[in-house]
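Derivation of every value follows stated rules applied to the coordinates shown; laboratory data play no part. A quick note: this is a predicted structure, and the numbers were derived from the prediction, not measured. A quick note on method: Cβ atoms are made from the backbone with ideal geometry, for glycine too, and the neighbour counts reach across all protein chains shown.
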Amino acid sequence: MPAERHRSASGHRGWWRDLCIAGRDTAIVIAQFKGQLLAFSASIIGCGTAYWLLAGDVGLIQSWYVVLDLAFLQPMIPWPSVWYLQIFFFLMPVLVTAILAHGLADFAVLMFNRRMRGKEWAMAVASTLRGHVVLVGFGHLGFRVAESLHLQGTAVAVIDQHPDDDLIDTARAMDMPVITGDASREGLLEGAGIRHARCIVLCVQNDSLNLQIALKARHLNPAIKVVVRIFDDGFAVHLRQQFGFLAMSATSIAAPGFVAAVDGAEAASAHAVLTIPVAAADAGSVAAFEARHQVRILSLAGGSQPPSGETLLVVGQHLVIAGTTAVVRQVAKAR
């Protein structure tokens, strides 16, 4: 999908968030150059200490300052008369400047060429998010989920091991960071802001990997809501019972919609389909729920048939509902 489609829908970041992103990004780049910074500092201290021992007429701190001035070819003391200090004056600036120049060149390239380090920039953007959704898996399903969340105003951080370049461009147009890498690594989840996220959605086409990532996400953020794509419906029920994850398969959600369409139900033209848990306020019959919320219940707890109107809803049970986008959104927010 062309990135231009989402440019108008993408909100503008505030100046404070842009400043936070720039600060975080700079900190990441500086952290990558700790070795060069330490080498430069060590060369100044080492050469300064050597000058202090050779000259004998200046203090240690002053010697460090002398060497720092020499590194930038701005000597604060006159040309020495002793031959070994003259050699020192020639060689020391070359050594220190070489170390500094190498580090500055690499630093400048990375600082101003964000495409070379898209992962780090995406993590800098994600670090400013709060109460967002972490989406793992940016294939066809993952993209549709990200697009829907974006259209309803929800901030999303994406993790995918091999994201498509076109989808990355579209995600950027939606102001959505895409972090490339293995989401089963805790460091990558933390880079996506998992500790500050309210929900993680796992759309990877691998049940065991989805479960592994879900458990790590819950470990890093015990309060996070976990929504998992699972191909095995029986496994999905087990995950709901064992871990409290909202686990579902795309086929189990789509099948009731097709069945409802065959029956002539309004779900065939519904604008949104969503799985929600039954709350205490929803206690009653299916017919009463549908009349109260102006939605259609497509299935109960992973079933493939629309329930009858007399079926009683049980608290904690999961429903697949369909209706207009605004109504479905309102019902979901009331959970």
Query raised in the report: Measuring from label point to label point, each 7 Å out along Cα→Cβ, what is the Ala332 to Leu151 span in nm?
Result: 1.1 nm
Query raised in the report: Can you work out the base-10 log of I(q)/I(0) for region 117-248 at q = 0.12, 0.19, 0.20 1/Å, using the Debye formula on its C-alpha atoms alone?
Result: -0.39, -1.01, -1.12
Report task. Report, ordered by chain and residue number, the lysines lying within cross-link reach of Lys34, taken as a straight Cα distance under 27 Å and ignoring same-chain residues fewer than 8 apart. Result -> Lys119
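Pull out the extension gain between Ile45 and Phe231, defined as 0.36 nm times the separation in residues minus the alpha carbon to alpha carbon distance; nm, one decimal. Before the final figure, lay out the partial values.
Numbers: separation 186, 0.36 × 186 = 66.96 nm, distance 6.11 nm.
Fully extending the segment from Ile45 to Phe231 adds 60.8 nm.
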Query raised in the report: When we measure straight from the Cα of Lys333, which lysines land under 30 angstrom away, once same-chain ones fewer than 8 places off are left out?
Result: Lys216, Lys225
Requested in this report: Once you have the Cα-Cα distance between Gln205 and Arg292, take 0.36 nm times their residue separation minus that, and quote the gain in nm to one decimal.
Outcome: 27.7 nm
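Based on the mean of other Cβ atoms within 10 Å per residue, sort peptides 157-165, 227-235, 78-86 so the most packed one is first. Working shown, then result.
Details: 157-165: 19.8, 227-235: 17.3, 78-86: 10.2.
With the highest mean Cβ count within 10 Å placed first, the list reads 157-165, 227-235, 78-86.
Assuming 0.36 nm per residue, please report the length gained on full extension of the stretch Arg130 to Val94 beyond their Cα-Cα distance. List each step's numbers first, then the result.
Numbers: separation 36, 0.36 × 36 = 12.96 nm, distance 4.78 nm.
Value of the extension gain: 8.2 nm.
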